[in-house]
Amino acid sequence: MKFTLDTRRLIAELKELRALTSDIHGAQRVAFSPRWVRARAWLQEKLLGLPVETHTDEAGNFWATLRGASPRELVIGGHMDSVPNGGWLDGCLNVLAGIEILRRIDTQYAGRPPVTVRIVDWADEEGARFGKSLFGSSACSGSLNMSEARGLKDRDGIGLPEALRQVGVDFERVKDSGRELRNVAAYLELHIEQGPVLLDLDLPLGVVLGTFGVERHAITFRGQAAHSGSTPMNRRKDALLAAAKMSMEIYGIAERSGGGVCTIGSCTTKPGIVTSVVEECRITLDQRHLDPTALARMWAEANAASERFAQEGNVEVSWERLWQIPPRPFHPELIALCEAAIMETCGRSHRLPSGPLHDAAEMAGVGVPTIMMFVQSLHGISHNKIEDTKEAHLELCGRAFDRLAEKTMTWIEGN
Ligand SMILES: [Zn+2]
């Protein structure tokens, strides 16, 4: 590539955004809030001077388009919104790297690249206020459940449709934004890894294979309340005992699954007093895997184990599904391009799945060839003000992501 990315400017602009929209507790760009509006206005200013068309779609997603010789589009996505007290890189690194790439492409091709290049800033990726993540991208992909979303309220009782109206978005029309995807040929997203995998391997960059599928269930064991002093140990129907065995069992299930994770995140007991054997114990189980067959097996193993523990303890068990999403594998040819871009940039790469969901999952879900690149997170932590990445790694991710963009343009042309 003749022209290279200005990674120093990328880092300087990330810092500029941080100064504009953070406080001592971290980033404060909650979607639809005044500071988010300000971040978007700042973003628009950054695009002045580039020959791009900009507009906001029906779902509140912001698009910048550099028309190319072909109408087929390379889309680079991210999100300017953050959780309250969020990190300085989550979401906006993707968008600002995209803008820097747009500048490089504009210079290299004198304003007319071989394919059309677009940046999208998805609205409300985090779902921090209404508890529903991926709002803008799921409206655009068409997967948004309208009746569920219509009823969402924030802590002050303000409904999602009302909050959207305040930023000029008509809730009933949000799915019209789907027309934005008409010419999309590939979707790229760079993101800070939100866990410690790359950190532990001492690698700056990784190729994301896809986002985990999720099975989320509540499991309730029912035994019998009985006096803690008068009931012999062998006569108890202790609902907690069965649940406690589950908490051990999931480690083996995850281990056998080859790359999956299981979490029991909550446990409540009734009557929940110090002098009674537990009559009812409800736990939640969250299971994730990239492979749908492995995920189904994890669920089946947990189910069989719960029946076994219930029988051993003379209690009953019932399951209730809380939520589920299938795994969203990324495009095999784009995985290869991403790996090549990383290898050419820093000589070492790693393939890993994403535990958290991202807007990219929505694009992959509607069949858009999709890929994500992760950059190492210094403390392996995100959604926290201590979220950070070494500047040397930020420069590497900018360069590798730019290479991926160039390779993907060539790939689009050849397809
Ligand atoms: Zn994010």
Paramagnetic reach from Ile158 (point 7 Å along Cα→Cβ, amide N under 15 Å) across the range 10-41: 29-38
Order by protection proxy (mean Cβ within 10 Å, highest first), peptides 314-322, 375-383: 375-383, 314-322
Cα long-axis angle, helix 239-257 against the chain (0 to 90 degrees, to the nearest 10): 40
MRE, 222 nm, helices only [DSSP H, n ≥ 4, -39500 (n - 2.57), over the chain, to nearest 500]: -12000 deg cm²/dmol
Thr4-Ala41 pseudo-label distance in nm [points 7 Å out on the Cα-to-Cβ vector]: 3.7
Furthest towards positive pole of dipole, Leu144, Ile273, His289, structure part the chain, Cβ charges: Ile273
Extension reserve of the Tyr109-Ala19 stretch, reckoned as 0.36 nm per residue once the Cα distance is removed: 29.1 nm
Two-site FRET efficiency, Arg308 against Thr268, from Cβ-Cβ distance with R₀ of 22 Å, rounded to 0.05: 0.50
Spin-label pair Ser318/Met146, simplified geometry with 7 Å Cα→Cβ offset, distance in nm: 3.4
Inverse of mean 1/r across different Cα pairs in the range 26-77, Kirkwood, Å: 12.7
Taking the chain and dividing mean pair separation by its residue count, relative contact order in percent (alpha carbons under 8 Å, at least six apart): 22
Long pairs among Lys46/Lys407; Lys153/Lys237; Lys15/Lys132; Lys385/Lys407; Lys175/Lys385; Lys153/Lys175, criterion Cα-Cα beyond 30 Å: Lys153/Lys237; Lys385/Lys407; Lys175/Lys385
Under 13 Å, Cβ to Cβ, from Gly195 - net charge with Lys/Arg +1 and Asp/Glu -1: -3
For peptides 327-336, 143-152, sequence by mean Cβ density within 10 Å, most packed first: 327-336, 143-152
Accessible area per residue, Å², the range 51-156 with all protein chains present, probe 1.4 Å: 30
Share of pairwise Cα separations in the range 1-62, more than 16 Å, in percent: 57
Percent of alpha-carbon pairs separated by more than 21 Å within the range 135-215: 52
Tail beyond 19 Å, pair distance distribution of the range 249-346 (Cα, percent): 58
DSSP beta bridge pairing in the chain, given as percent antiparallel to the nearest 5: 70
Normalised convex hull volume, the range 311-415, alpha-carbon set, Å³ per residue: 186
Local electrostatic count at Pro51 - Lys and Arg +1, Asp and Glu -1, tallied over other residues with Cβ under 10 Å: 0
Protection proxy ranking, peptides 279-290, 215-226, average beta carbon neighbours within 10 Å, highest first: 279-290, 215-226
Residues of the range 392-415 with amide N under 16 Å of a point placed 7 Å along Cα→Cβ from Leu50: 398-399, 401-406, 409
Gain in span if fully extended, Thr284 to Glu172, counting 0.36 nm per residue against the direct Cα distance: 36.9 nm
Radius 11 Å from Cβ of Glu16, net charge of other residues (Lys, Arg +1; Asp, Glu -1): +2
Per residue, in Å², the accessible surface of the range 241-383 once ligands and nucleic acids are set aside, probe 1.4 Å: 47
Pairwise Cα inverse-distance average, inverted: Kirkwood Rh of the range 70-151 (Å): 14.3
Accessible surface of the chain, 1.4 Å probe, proportion on carbon and sulfur as whole %: 51
Nearest-20 debye value, the chain charge dipole, Cβ charges on Lys, Arg, Asp, Glu: 180
Cα Rg, Dmax (largest Cα-Cα span) when computed across the chain, Å: 23.8, 86
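The values are calculated or read from the model by the stated rules, or taken from the named source; none is laboratory data. The model shown is predicted, which means the values in this text are computed figures rather than measured ones. Note: ideal-geometry Cβ built from the backbone for every residue, glycine included; neighbour counts use all protein chains shown. All accessible areas refer to the heavy atoms of the entire protein, side chains included, with ligands and DNA or RNA removed. Shrake-Rupley method; radii C 1.70, N 1.55, O 1.52, S 1.80 Å.
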